[in-house]
Amino acid sequence: MKSSFLFNKEIRSLGIRSWSISWPMILIMFFDFLISLTDIYIAGRVGKEIQASYGFVIQLYFIFIIIANFITVGTVSVVSHLFPSGDEPSLTEAIFSSLILSIIGGLVLSGMSFFLAPPIILKLNLPDPLKAYALPLIQIYSVGLTFHYLLINSNGVLRSCRRVKKSLMSMALVCGINIGLNFFFVFHTPIGFKGIALATSLSVFFGSILNLAMVKTLTKGRKRFSLDQAKRILNIGWPLGLLQIFWQLSTIILFLILSTLPEHRIEILAALTTGLRVESAIYLPVMGSNMANAVIVGNLLGERKKEEAFQNGIMTAVIGVFIVLLMVIGVILNARWVVSLLSSNEVVIKESIRYLYISMISEPFMAWGIILSGGLNGAGDTKNVLFRIAFSLWCIRIPLSYIFVVWLGFGAHSVWWSMNLSQFVQAFLISKRYFSKEWL
């Protein structure tokens, strides 16, 4: 009886620790979701061409912020290990070095996206009306890229140093500014649909300035760029950067594969955009728990508590999957109502609903794998995460989608089922790595 009580007490302790970091991260992801949902809502109200163009452009934009994300993954792993150690000089070096890396990466990618994205868009197999809308959107997004880099990385620093609620406050501000400016620019100024991108650029600017002020309080003594710390951050982060390139390219390729369909191409592309945005609500607890798991595992490994790190990673995944199951039920029961808010085109609505019904089957498995991979990221085991997720995308999802649509002439639903199968494979491979404990 006593051992059962102790076991239950230990489970409660693991759950409390996981939830205390997870819930602010889930709210942060919710603010991101509100921004993207507002974008797709406004784009849908302007027109289906704008909605489809925005869906493609945002996938391309995500490719250009990949360096920010992989610098942040490395930053979280390094800083979360250093923070509990009490080594303030090394912590300051790591934080300052990560910010410098973000500024350099942001400036380089801002220039590249501004000048290289337009010719890329013009050469792709997209309907001509979409290209005309996509070009100004991607160039406006490019202008705010450096500040987005700083916002993403400084958020990683704050949560690694157990200041996740400060990061939450900052993202609440970014969300409010973005949504307010979005409606103002698009519907009340001559800027029109381009205001979707302009609102994002301005909001990340204000958010990055606020974050830098909060991060400054975490650095003690001389602020010096450390090449060793920078290399450590990059060595841990680059596999996740490459993984995100693979992920975003796979989504773009799906857009191109669906563009070969003989009928309703624009409507199906708009349906994929709508479906992904609705599905992104499921990603809120998933990505929030993924990032929380990286901090939890990183902090515990920094304290040399390996078994506790392993157990906390599993508990965080269990909590996340439970939340996802509830959300899946909600989406299935309200799919038509939700999709109808984002589009008024009946073909888009019908295909979006079919996408959601199919994709919901794999969501709990996706959640399990992604959250466990967050623990592996916090431990610095990013290369194994890269190999397993990339395999599920490029050896399962893309080949099957191409075969079904281009070779066999099946409809869009065959792509949705290919996406499902890749999620099952991904969850299995990540789980196998996590439970091997070799990453400890």
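Once you reduce region 238-258 and region 42-81 to the center of their Cα atoms, the two points are 11 Å from each other. With all protein chains in place and ligands, DNA and RNA left out, the 1.4 Å accessible area ranks HIS81, HIS188, HIS264, HIS413 as HIS188, HIS264, HIS413, HIS81, largest first. Simple point charges give the picture: +1 on the Cβ of Lys and Arg, -1 on the Cβ of Asp and Glu, and for the chain a dipole about the Cα centre of about 960 debye. Ranking ALA390, TRP368, VAL318 by Cα position along the charge dipole of region 309-436, where only Lys, Arg, Asp and Glu carry charges on their C-beta atoms, puts ALA390 farthest toward the positive end.
If R0 equals 45 Å, the separation of the Cβ atoms of HIS413 and SER20 corresponds to a calculated FRET efficiency of about 0.65.
Label positions at ASP228 and PHE424, each projected 7 Å from the Cα along the C-beta direction, are separated by 4.9 nm. Rolling a 1.4 Å probe over the heavy atoms of the protein chains gives the chain an accessible area of 40 Å² per residue. Within the same chain, lysines fewer than 8 places from LYS220 are excluded, and of the rest, those with a Cα less than 20 Å from its Cα are LYS166. Here each label is just a point 7 Å from Cα along the line to Cβ, and for LEU341 and ILE120 those points are 3.2 nm apart.
Of the cross-linked pairs LYS165/LYS216; LYS383/LYS437; LYS123/LYS194, those separated by over 20 Å at the C-alpha level are LYS123/LYS194. For LYS350, the lysines whose Cα comes closer than 26 Å to its Cα, not counting residues fewer than 8 places off in the same chain, are LYS48, LYS131. The share of accessible area on region 294-440 that comes from carbon and sulfur is 69 percent, using a 1.4 angstrom probe.
Ordering TRP23, ASN125, PHE83 by Cα displacement along the dipole of region 1-144 toward the positive end leaves TRP23 in first place; charges were set at the Cβ atoms of Lys, Arg (+1) and Asp, Glu (-1).
Per-residue ellipticity at 222 nm computed for the chain from its helices equals -29500 deg cm²/dmol, with DSSP H segments shorter than 4 residues left out and the rest contributing -39,500 (n - 2.57).
Sequence-distant contacts, meaning Cα pairs under 8 Å at least 6 residues apart, place the relative contact order of the chain at 24 percent. Note on surface exposure: ASP32, ASP228, ASP39 rank ASP228, ASP32, ASP39 by accessible area, highest first, 1.4 Å probe. Farthest towards the positive end of the charge dipole of the chain, among the residues VAL425, ILE236, THR251, is the Cα of ILE236, using unit charges on the Cβ of Lys, Arg, Asp and Glu.
Between the exposed loop cleavage positions of the chain, defined as GluC sites (Glu not before Pro) in a non-H, G, I, E, B DSSP state with at most 14 neighbouring beta-carbon atoms within 10 angstrom, the longest gap is 1-262. Using a Förster radius of 51 Å, what is the FRET efficiency between ALA172 and GLU263 based on their Cβ-Cβ separation? Nearest 0.05, please. Calculated value: 0.75. Taking label positions 7 Å along the Cα-Cβ direction at both ARG304 and PHE184, the computed distance is 5.4 nm, reported to one decimal. Given a 1.4 Å probe and the protein chains as shown, ARG17 ends up with an accessible area of around 60 Å². Annotation for region 394-439 versus region 297-359: alpha-carbon center distance of 18 Å.
Restricting the chymotrypsin sites (Phe, Trp or Tyr not before Pro) of region 31-82 to loop positions (DSSP other than H, G, I, E, B) with no more than 12 neighbouring Cβ atoms within 10 Å leaves nothing. From the alpha carbon centroid of region 98-134 to that of region 167-189 is 23 Å.
The values are calculated or read from the model by the stated rules, or taken from the named source; none is laboratory data. A quick note: this is a predicted structure, and the numbers were derived from the prediction, not measured. Please note: Cβ atoms are built from the backbone with ideal geometry, for glycine as well, and neighbour counts cover all protein chains shown. What goes into the accessible areas is simple: the full protein's heavy atoms, side chains included, and nothing from ligands, DNA or RNA. Shrake-Rupley method; radii C 1.70, N 1.55, O 1.52, S 1.80 Å.
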